[in-house]
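Undergrad: Questions regarding the structure given below will be posed in turn.
The values are calculated or read from the model by the stated rules, or taken from the named source; none is laboratory data. Note that the structure is predicted; figures quoted are calculated from it, not measured. Quick reminder, even Gly has a Cβ in these numbers, built from the backbone with ideal geometry, and neighbours come from all protein chains shown. What goes into the accessible areas is simple: the full protein's heavy atoms, side chains included, and nothing from ligands, DNA or RNA. Shrake-Rupley method; radii C 1.70, N 1.55, O 1.52, S 1.80 Å.
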Amino acid sequence: GGYGKRLEPFSRILPKPLLPVGSKSIIEHILKRFYDQNFKKFITILNYKSKLIESYLKKTNFNKNIFFYTEKKILGTIGGLRNIVNKLSETFILTNCDILLDINYSDLLDFHNNNNFDLTIVASRKTYNIPYGYCELDKHGNLIDMKEKPSLDFLTNVGFYVINKKIVNKISLNKKLNFDKFFQLLKKDKEIKIGVYPIQDDLWNDIGEWTEYKKSIENLLL
């Protein structure tokens, strides 16, 4: 439902889900990966250029399997779920429209269910090499340690989740809510269990900003 500002100026004309990757739009690639793994029921939450996206998808092979919901105002990456709660499965997958994952979705669901998670976040392993020396100081400005060009290993949220329907009711109706705020809200409830499903960095493509978009096209067309 967002404006895709990181992909301007193209996203001023075409909404981000319809930007081409090879001969298909981004959202068609996403839908096909689900469809190929026997996931056949889709819900799209739309806002920006919603009529264009809906008209386009109705002409694809997925047209009979998609329910379209258009927000009256932008509700963020999570806020719109509250308005379609009655159409959600007890456990469902939520994805941003700018990522492609090369994983087995059934394995992800098994991981979620076997661990009794209410929310599972798919996260990519990243390594970042800092090109400078790193100084560690105490509160008085005294040097404690120095590390030359350290390497950081961390997990980054890719924008792909497994969610139990029951936690959607924690979302306020028609209030904008992005995932970071949703996560903070869930953390306050000790009965909600949140897990992370780690994947290797080469198993996902980010199409949300120009540098990564170009890399993704190269990777997908090899």
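Undergrad: Test Leu94 against the criterion of being within 12 Å of Ile163 (Cβ to Cβ), modelled with pLDDT of 95 or more and not in a helix (DSSP H, G or I), and give yes or no.
TA: Yes, satisfied.
Undergrad: On to the next question. Quick check on Asn114: is it free of Cβ contacts under 8 Å to residues at least 24 places away in the same chain and under 15 Å from Thr44 (Cα atoms)?
TA: no
Undergrad: Quick check on region 115-132: of everything there that is in contact with a Lys or Arg (Cβ under 8 Å, 6 or more places away or on another chain) and surrounded by fewer than 15 Cβ atoms within 10 Å (Cβ to Cβ), which residue is nearest to Val85 (Cα to Cα)?
TA: Asn116
Undergrad: Right, something else. For region 109-132, which positions are hydrophobic (A, V, I, L, M, F, W, C) and in a strand (DSSP E or B)?
TA: Those that are hydrophobic (A, V, I, L, M, F, W, C) and in a strand (DSSP E or B): Leu119, Ile121, Val122, Ala123.
Undergrad: On to the next question. Give the residue, chosen from Asn169, Asn178, that is in contact with a Ser or Thr (Cβ under 7 Å, 6 or more places away or on another chain), farther than 30 Å from Ser23 by Cα, of a type outside the set (Gly, Ala, Ser) and modelled with pLDDT of 80 or more.
TA: Sole residue among the options that is in contact with a Ser or Thr (Cβ under 7 Å, 6 or more places away or on another chain), farther than 30 Å from Ser23 by Cα, of a type outside the set (Gly, Ala, Ser) and modelled with pLDDT of 80 or more: Asn178.
Undergrad: While we're on this one: Out of all the residues in region 18-75, which are outside any loop (DSSP other than H, G, I, E, B), of a type in the set (A, V, I, L, M) and open to solvent by less than 30 Å² (accessible area, probe 1.4 Å)?
TA: Passing the criteria: Leu18, Val21, Ile26, Ile27, Ile30, Leu31, Leu46, Ile53, Leu57, Ile66.
Undergrad: May I ask you to list the residues in region 97-114 that are modelled with pLDDT under 95, of a type outside the set (A, V, I, L, M) and crowded, with 17+ Cβ neighbours inside 10 Å?
TA: Listed by number, the residues that qualify are Cys97, Asp98.
Undergrad: If we keep just the residues of region 76-91 that are open to solvent by 50 Å² or more (accessible area, probe 1.4 Å), part of a helix (DSSP H, G or I) and in contact (Cβ under 8 Å) with a residue 24 or more places away in the chain, which is nearest to Thr120 (Cα to Cα)?
TA: Out of the qualifying residues, it is Thr77.
Undergrad: Which of the strands (runs of 3 or more DSSP E) found entirely inside region 133-176 contain at least 2 residues meeting this: open to solvent by 70 Å² or more (accessible area, probe 1.4 Å), of a type in the set (D, E, K, R) and out of contact with any Pro (no Cβ under 6 Å at 6 or more places or on another chain)?
TA: It comes to 143-148.
Undergrad: I'd like to check something: does region 54-64 contain any residue that is among the polar types (S, T, N, Q) and closer than 23 Å to Ile121 by Cβ?
TA: So far as region 54-64 goes, no, none of its residues is among the polar types (S, T, N, Q) and closer than 23 Å to Ile121 by Cβ.
Undergrad: Can you say whether Thr77 is touching a helix residue (DSSP H, G or I) at 6+ places or on another chain (Cβ under 7 Å), modelled with pLDDT under 95 and not basic (Lys, Arg), as far as the supplied structure shows?
TA: Yes.
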